[in-house]
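Asker: Input: one structure, supplied below.
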Amino acid sequence: MTSTTSALHTSDIDLFSDEVLANPYPHYRRLRDLGPLVELPRYGVVALARYEQARAALEDWQTFSSADGVGLNDILNEAWQGTIIASDPPYHGQLRSVLSERLAPRALRAMKPDITERSAAHVDALVARGSFDAVVDLARAVPISIVLDLLGFPEEGRDRLLEWAEGSFNVCGPENRRMRDALPVMQDLFEWLTTTCTPDRMVPGGFATTIHEAAERGDIPAEAVVPLMAGYAIPAMDTTISALGSAMKLFAENPDQWDAVRADPSLVPGAFNEVLRIESPVQVFARVTHRTYSTDGGSIPPGTRVVVLYGSANRDERRYPDPDRFDVRRDNVDHLAFGLGPHMCPGQGLARLEAHAILEALAARVERWELTGAPQRKLGNTTRSLDSLPVTVRRAPDLSRPVRN
Ligand code: HEM
């Protein structure tokens, strides 16, 4: 990082230590209290932990560029060069337009009946069992079954996609053990995309075929194909899985909030936003300043790597009163869990479709959640997720419609 133009507060916090990753929220609060820009000398970055500055960075790509990489180490930033997430307009727009129609409201409307039906059937089977692992059997199983078909990659290797995606998110962090362990996993993903995911082996009609076709038409350069496939393969599952796992944990821990959703299922979209706000699946991505950024309480020069702390911004008490309280009726539509600006998540409509279908199916069938074992967290350099959440559910007395209080 280049030297700062004005003295900033500093913190020696290790945002990526096991202790902080297990519960980052008190540490985020300390960073927010220190100031709007906090230097983390350990990583040579400036942290944007407050809502206002995180939002400003996401919206202003000319000051906060993604083209120098969104990770915290050179290996990742090099490997992801030319991916959709690590590029700026206008090239970014060229990449983004390839799949924009596939994820637009019209396409989502066409997918809705199938996703609703699959979710209901899956939830029915689990509720009949009574006890299950809400992460393994539900949060993972449903998005995997939906998204793998949509991406349309060849059968061979598909079963490793989730592992590859999780590894790739870990490579985004600083060069710690978690990052080094995951490096070969990410390399396997790129190798598979290059050697196995050739046009002749794709499932017709899948996203991957659409990407190859765009290159054949000359809409994108041939060398953009593999980075673009990676750009969708990596975030399409893990993030949604994280959100669904958190949703079920939060509802098990807050039965009054579950009662509210069951009594009024129109609260489901707001409840899902609240899950994303309070347990943001993506916790951190980086930017590099291309011009001076000044805000109340400090300024940073061009060439500064900053980390946008989505999970902290979404719990900023300056924006959300009593931010640690899970409240499905909260005014939360402006949360940053899907990002903002040019890189705002293009898959958010699909993620919402999946999550709403599952939560609505559950609200109609489950009266009460009970945790039957300790939730197991999976510590990651970028995403916040659970590995296991053993639950028992009490069936709603009348399965044909939600119980109204
Ligand atoms: C709850 C689920 C999800 C969450 C919380 C989430 C979160 C995010 C965030 C925060 C970003 C912005 C990164 C930045 O600021 O640099 C992003 C970008 C992206 N997401 Fe998602 N995502 C989710 C689901 C999905 C799904 C289902 C897909 C694919 C169908 C997807 C594909 C992408 C892609 C391709 C980008 C890069 C966009 C760009 O750089 O223009 N995401 N996501």
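Asker: With the requirement that a residue be away from the ligand (no atom under 11 Å from the Cβ), in contact (Cβ under 8 Å) with a residue 24 or more places away in the chain and hydroxyl-bearing (S, T, Y), what does region 281-317 give you?
Answerer: T289, T292, Y293, T295, S299, T304, S312
Asker: A follow-up question, please. Can you give me the number of residues within region 326-369 that are assigned to a helix (DSSP H, G or I) and either more than 14 Å from the ligand (Cβ to nearest atom) or open to solvent by 30 Å² or more (accessible area, probe 1.4 Å) (or both)? Before the answer, list the steps.
Answerer: If we filter region 326-369 for residues that are assigned to a helix (DSSP H, G or I), which is where we start, we get 341-343, 348-365.
Restricting the remaining residues to those that are either more than 14 Å from the ligand (Cβ to nearest atom) or open to solvent by 30 Å² or more (accessible area, probe 1.4 Å) (or both) gives 341-343, 348, 352, 356, 360-365.
Here the count works out to 12.
Here's the yes/no breakdown for (1) over 22 Å from the mean Cα position of the chain (by Cα); (2) part of a helix (DSSP H, G or I):
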| residue | (1), (2) |
| --- | --- |
| A67 | no, no |
| T83 | no, no |
| S87 | no, no |
| R102 | no, yes |
| L108 | no, yes |
| K112 | no, yes |
| H122 | yes, yes |
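Asker: For S87, state whether it is closer than 30 Å to V307 by Cβ and open to solvent by less than 80 Å² (accessible area, probe 1.4 Å).
Answerer: On the way: closer than 30 Å to V307 by Cβ: yes; open to solvent by less than 80 Å² (accessible area, probe 1.4 Å): yes.
When the stated conditions are applied, S87 passes them.
Asker: Considering each residue of region 256-287, count those that are among the aromatic types (F, W, Y) and out of contact with any strand residue (DSSP E or B) (no Cβ under 9 Å at 6 or more places or on another chain), and give that number.
Answerer: Going through region 256-287 one residue at a time, the tally reaches 1.
Asker: Given the conditions (1) more than 15 Å from the ligand (Cβ to nearest atom); (2) open to solvent by less than 30 Å² (accessible area, probe 1.4 Å); (3) within 19 Å of S385 (Cα to Cα), which single one is not true for V127?
Answerer: (3)
Asker: Looking at D264, D219, which one is surrounded by fewer than 24 Cβ atoms within 10 Å (Cβ to Cβ), more than 19 Å from L99 (Cβ to Cβ), more than 9 Å from the ligand (Cβ to nearest atom) and among the charged types (D, E, K, R)?
Answerer: Values: D219 fails: more than 19 Å from L99 (Cβ to Cβ).
Going through D264, D219 in turn, the sole match is D264.
Asker: In this structure, does N73 turn out to be open to solvent by less than 50 Å² (accessible area, probe 1.4 Å), out of contact with any Leu (no Cβ under 9 Å at 6 or more places or on another chain) and in contact (Cβ under 8 Å) with a residue 12 or more places away in the chain?
Answerer: Numbers: open to solvent by less than 50 Å² (accessible area, probe 1.4 Å): yes; out of contact with any Leu (no Cβ under 9 Å at 6 or more places or on another chain): yes; in contact (Cβ under 8 Å) with a residue 12 or more places away in the chain: yes.
Against the criterion (open to solvent by less than 50 Å² (accessible area, probe 1.4 Å), out of contact with any Leu (no Cβ under 9 Å at 6 or more places or on another chain) and in contact (Cβ under 8 Å) with a residue 12 or more places away in the chain), N73 qualifies.
Asker: Considering only residues that are in a loop (DSSP other than H, G, I, E, B) and either at positive phi or touching a strand residue (DSSP E or B) at 6+ places or on another chain (Cβ under 7 Å) (or both), which ones fall in region 36-55? Give the derivation first.
Answerer: First pass over region 36-55, keeping only residues in a loop (DSSP other than H, G, I, E, B): 36-37, 41-44, 49-50.
Result: P36, L37, P41, G44, A49.
The values are calculated or read from the model by the stated rules, or taken from the named source; none is laboratory data. Note that this is a predicted model, so its numbers are computed, not measured. So basically every Cβ, Gly included, is an ideal-geometry build from the backbone, and we count neighbours across all protein chains shown. Only protein heavy atoms, including side chains, enter the accessible area calculation; ligands, DNA and RNA are left aside. Shrake-Rupley method; radii C 1.70, N 1.55, O 1.52, S 1.80 Å.
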